[in-house]
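To keep things clear, I will list the structure first and then write my remarks on it.
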Amino acid sequence: MKKITFLLFLLAIIINVNSQNLVPNPSFEEYYQCPSSQGSFYVDFWFNTPNSGVATPDFYHTCAPAGANAAVPDNITGFQYPFEGEGYAGLFCYGSANGGDSNQREYIEVQLISPLIEGQEYEFSMYVSLADKYGAAINNIGVAVTDYIVEGNGQIGIIPEIPQIKSEEVIFDEENWTQITGTFIAEGGEEYLTIGNFFSDDDTEAIFIYGSPFLTWGYYYFDSVSLTPVILSTNDEILDNQLKVYPNPTSNIVTIELTNNYSSNITYKLYNLLGELIYTSESNSQLFSIDMSDLARGIYLLELTDAQSNKVVKKISRL
């Protein structure tokens, strides 16, 4: 429990930690084969939900030749430029064949870079756009984050997971990208992220856009997926205002200087981003240093605590 608590503290005070996206290949830029046709989901890290029958998520990229089904921006399902980068994914999220409730669904899934931490708040975000050849604009597009691989029932239908985040409003826009975002508290250990519509057609609000070739089907593009820890500010200003840490970034030595004639015994600890303690010591001097020359390049966390239990954590970049 102490390690979990400390990791929560570290995540809470890392400056700019929200740039640490836990979703690998978030914009579908990395692939092992250029797509040539619809149903070619050749994306690194992401995968089609297992046991999902004939469901075939789609991958679109500028590497596909012009006129190909999976080309960007003009492809078999519509016309759209990526929100960022050169690729995006496509999924059926609603299906109503001949006005009936057919629950046509496709899902994509990815293993996170690291499992979620119990009690930590996370922010999810992705951008979606309705493909302009499909006329069913819907809500309920969302994400389920689980500690297991989500699987289907061997058919192309709905997977009844409970998403942490979903679109409450119907998403109409075919020209622009719409952000779906929200926060949730992790139960701990979640490491798989699945995207799609987890609700039945009957439980999904659909508004039909007349003039579309496939009026009763909802198909969306997906891009720029992220899951990041929510930042809290827990640095103690009393100690923070009394010290300087330099140079940062550094290639070897980091100097800690107490300013304004501040005098106190300082306990300092150096951690990596996994919360593993690398080095700890104490100093009663107003100027002391830490040798990082033997450490690998990367980001480290320096925790400093004075005799009055004031605490501050600094992010240190080792070049």
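The values are calculated or read from the model by the stated rules, or taken from the named source; none is laboratory data. The structure displayed is predicted, hence computed values, not measured ones. Here the Cβ positions follow ideal geometry from the backbone for every residue, glycine too, while neighbour counts run over all protein chains shown.
Exactly one residue out of T204, T181, T216, T194 is over 30 Å from T305 (Cβ atoms), surrounded by fewer than 16 Cβ atoms within 10 Å (Cβ to Cβ) and of a type in the set (S, T, Y), and it is T181. Quick check, is P82 in a loop (DSSP other than H, G, I, E, B), buried (at least 22 other Cβ atoms within 10 Å of the Cβ), assigned by TED's automatic domain parsing to the domain that holds Q155 and not hydrophobic (A, V, I, L, M, F, W, C)? Answer is yes for this residue.
For G188, state whether it is at positive phi and in the same structural domain as P115 (by TED's automatic domain parsing). Yes; evaluated as a whole, the condition is true for this residue. If the condition is being of a type outside the set (S, T, N, Q) and part of a strand (DSSP E or B), then the stretch 32-50 contributes V43, F47. The residue of the stretch 173-224 that is modelled with the highest pLDDT, among those that are of a type in the set (G, A, S) and over 30 Å from D147 (Cβ atoms), is A206. Out of the stretch 43-58, which residues are surrounded by 15 or more Cβ atoms within 10 Å (Cβ to Cβ), at pLDDT 95 or above and more than 17 Å from V143 (Cβ to Cβ)? Scanning the stretch 43-58 gives a single hit, D58. Listed by position, the strands (runs of 3 or more DSSP E) enclosed by the stretch 181-260 that each have at least 3 residues that are within 25 Å of K314 (Cα to Cα) are 217-229, 243-246, 253-258. Would you be able to say whether some residue in the stretch 63-70 is touching a strand residue (DSSP E or B) at 6+ places or on another chain (Cβ under 8 Å), closer than 14 Å to A131 by Cβ and at pLDDT 95 or above? Within the stretch 63-70, one or more residues are touching a strand residue (DSSP E or B) at 6+ places or on another chain (Cβ under 8 Å), closer than 14 Å to A131 by Cβ and at pLDDT 95 or above.
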